[in-house]
Every structure is written in C-alpha cells, then in structure tokens.
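The values are calculated or read from the model by the stated rules, or taken from the named source; none is laboratory data. Keep in mind it's a predicted model, so treat the numbers as computed, not measured. Positions of Cβ are backbone-derived with ideal geometry, glycine not excepted, and every protein chain shown enters the neighbour counts. Surface areas here come from the heavy atoms of the whole protein model, side chains and all, with no ligands, DNA or RNA. Shrake-Rupley method; radii C 1.70, N 1.55, O 1.52, S 1.80 Å.
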Amino acid sequence: MTFYEPTVIGDVKSEMLLSREEVFGPVAPLLLFKTEEEAIRLANDTNAGLAAYIFTNGIQRSWRVSEALEYGLVGINEGIISTEVAPFGGVKQSGLGREGSKYGMDEYLEMKYVCLGNMNSN
C-alpha cells in the first residue's frame, strides 16, 4: 500500500504547491518556459533544494545551468546521481551540510589552526 506509480503532471503553474514544495515521490511536474533564464528562475523559486536535473546536448549550457541552479545535487543527462563517493545533501530547507564522501566527515570534526612563531632558543 506504500507504492506510488511514477506520475507526470502537465500544465503545472509556478504558484501551485506541486512546483513550490519538495515532493518525495516519483512525480514529475511539467512547467512551460520560453527561455533558459526563465527555466532557471522557475526551478529556483522554491524553498527546497535537494536535487535538480537538466537534459541537454550543449556542454556550455550544462555548466551554465548547473551553476545557476540552487540545488545541492545536479544531474546532467542522468537520473540516478547518488553515489557513495559524492557528497549528498541539499541547500535551502533541504538540508545543511553533506553526508557521504570525504566531505561527510567534516560534520564530525573540529578544526584547529596552530601558528608557530620563531622557536629558536638562545
């Protein structure tokens, strides 16, 4: 009874909760846009920021859009982006900090800076 079939919902508007809240399920809302800038604005207009996905053939576009997206994880032409060797975590209300990879250890460490001056004894 906990299975939810993958669902694509068309004609979603930016003011709908579906496009503004984090959905933990196989749901893909489709929003229309005319420009790359508008697509980025629509994607970032949420308080969530765990993962975003872009599908493109343009390498310049992939870098430009992935840098502009306010998400902790970005998949480019790939739907399965989680791996134990990559830091996992979101931004905004989707989390603070990372788990997994070497960066996940940072949450358990205390950093200390030690500066030594001249130690010559005369």
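Between the helical axis of 59-68 and the longest alpha-carbon principal axis of the chain there is an angle of about 80 degrees. Nearest 0.05, what FRET efficiency do Leu109 and Ser62 give at R0 = 41 Å with Cβ-Cβ as r? Working from the Cβ atoms, E equals 0.80. Using a 1.4 angstrom probe on heavy atoms only, work out the carbon and sulfur share of the accessible area of the chain in %. The computed percentage sits at 57. Restricting to the chain, compute how many DSSP beta bridges are antiparallel as a %, nearest 5. Within the chain, antiparallel bridges account for around 10 percent of the total. With Cα extents along the principal axes in Å in mind, check [x] 36, 36, 25; [y] 78, 31, 21; [z] 80, 41, 26 and report the label derived from this structure. Given [x] 36, 36, 25; [y] 78, 31, 21; [z] 80, 41, 26, the structure-derived one carries the label [z]. Counting only GluC sites (Glu not before Pro) that DSSP places in a loop and that have at most 12 other Cβ atoms within 10 Å, the longest clean stretch of the chain runs over 22-77. Within region 30-122, the trypsin sites (Lys or Arg not before Pro) that combine a DSSP coil assignment with at most 15 other C-beta atoms in a 10 angstrom radius are Lys34, Lys112.
In terms of its C-alpha gyration tensor, region 34-88 has an oblate overall shape, because the principal axis ratio a/c (a ≥ b ≥ c, square roots of the eigenvalues) is not below 1.5 and a/b does not outweigh b/c. The mean accessible area for residues of region 31-122, using a 1.4 Å probe and ignoring ligands and nucleic acids, is 80 Å² per residue. Considering only Asn57, Asn47, Asn77, the Gaussian network model of the chain with Cα springs below 10 Å gives its largest mean-square fluctuation to Asn57. Placing +1 on the Cβ of every Lys and Arg and -1 on the Cβ of every Asp and Glu, with no other charges, gives the chain a dipole of roughly 280 debye about its Cα centre. Please give the Cα centre distance for region 8-23 versus region 49-122, rounded to the nearest Å. Cα centroid of region 8-23 versus Cα centroid of region 49-122: 27 Å apart.
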